[in-house]
1. What order do you get for 62-71, 100-109, 164-173 when each peptide is scored by the mean count of other beta carbon atoms within 10 Å, highest first?
2. For helix 162-172, what angle does its Cα long axis make with the longest principal axis of the chain, in degrees from 0 to 90 and rounded to 10?
3. Here are a few candidate values for P(r) over Cα pairs in 10 Å bins from 0, in percent: (1) 11, 43, 39, 8, 0; (2) 9, 30, 25, 10, 7, 7, 6, 4, 1, 0; (3) 10, 38, 40, 11, 0. Which one was actually calculated from the structure I just gave you?
4. Within 10 Å, count the other beta carbons around each residue, average over each peptide in 144-155, 24-35, 112-123, and list them highest first.
5. Computed from the mean reciprocal separation of all distinct C-alpha pairs, what Kirkwood hydrodynamic radius does the range 28-126 have, in Å?
6. Apply the Karplus parameterisation 6.51 cos²θ - 1.76 cosθ + 1.60, with θ equal to phi minus 60°, to every residue of the range 82-92 and state each ³J(HN,Hα) to the nearest whole Hz, in sequence, with x for glycine and proline.
7. About its Cα centre, how strong a charge dipole does the range 38-173 have in debye, to the nearest 20, once Lys and Arg get +1 and Asp and Glu get -1 at the Cβ?
8. Show the residues, 5+ positions off or on another chain, whose built amide H is closer than 5 Å to the amide H of CYS140.
Amino acid sequence: MKAVFLDRDGVINRAVVRDGKPHPPDSIEDLEVLAGVPDALRRLRGAGFRLIVVTNQPDVARGTQSREVVEAMNARLTAELAVDEVVACYHDGDDCDCRKPKPGALLAAAQRHGVELERSFMVGDRWRDIEAGQRAGCRCLFVDHGYAEQQPAGSFVRVPSLAAAADWILSNQ
């Protein structure tokens with residue numbers, strides 16, 4: 001089984017950019033699926049990929065967001081889009097294995113779904129996403145929104161959107 005692992009904020013839904021850095025939406029009302037995402041996910045699903053969203057949500061640990069709101073957003077995305085699972089890390093800091101750039105969330109999801117990581121892809125909009133995918137053994141695509149932060153390193157493909165990432169994946173699987 002092959003999969004496409006996807007970051008949530010900035011890849012699936014619009015991130016809120018403050019001071020050049022992306023943040024998750026504050027409420028379910030602010031959750032806006034990006035243009036082209038439903039079709040891109042349907043095309044990937046049609047090509048036989050499992051679609052697994054892997055998201056860091058440290059605002060829960062920081063006390064600036066409730067776990068219930070994040071879970072409601074994830075449930076809405078799962079209901080509306082062709083995704084198999086949403087895996088969320090609610091921790092802050094680097095002490096857990098599930099917080100990207102560590103690959104633990106991808107590895108655990110791969111095991112649950114019988115995914116062959118070397119046949120799989122990670123699509124993200126931050127360096128942490130790309131590093132987690134690389135460490136898990138996936139090919140990586142970086143959705144470059146021009147954030148004012150660290151850029152990814154190593155081997156990855158730069159794309160402008162999930163739709164462009166889907167095109168590349170479907171041509172290079």
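1. The most tightly packed comes first, giving 100-109, 164-173, 62-71.
2. That works out to roughly 20 degrees.
3. So the structure-derived entry is (1).
4. Final packing ranking: 112-123, 24-35, 144-155.
5. Numbers: mean 1/r = 0.0685 Å⁻¹.
Here the Kirkwood hydrodynamic radius works out to 14.6 Å.
6. After applying 6.51 cos²θ - 1.76 cosθ + 1.60, I find 7, 10, 8, 7, 10, 10, 10, 9, 9, 7, 10 Hz.
7. The dipole of the range 38-173 has a size of about 300 debye.
8. Placed amide hydrogens put MET122, VAL157 under 5 Å from CYS140.
Where a number appears in this text, it was derived from the coordinates with a stated rule and is not lab data. This structure is a prediction, so every number in the text was calculated from the model and none was measured. A quick note on method: Cβ atoms are made from the backbone with ideal geometry, for glycine too, and the neighbour counts reach across all protein chains shown.
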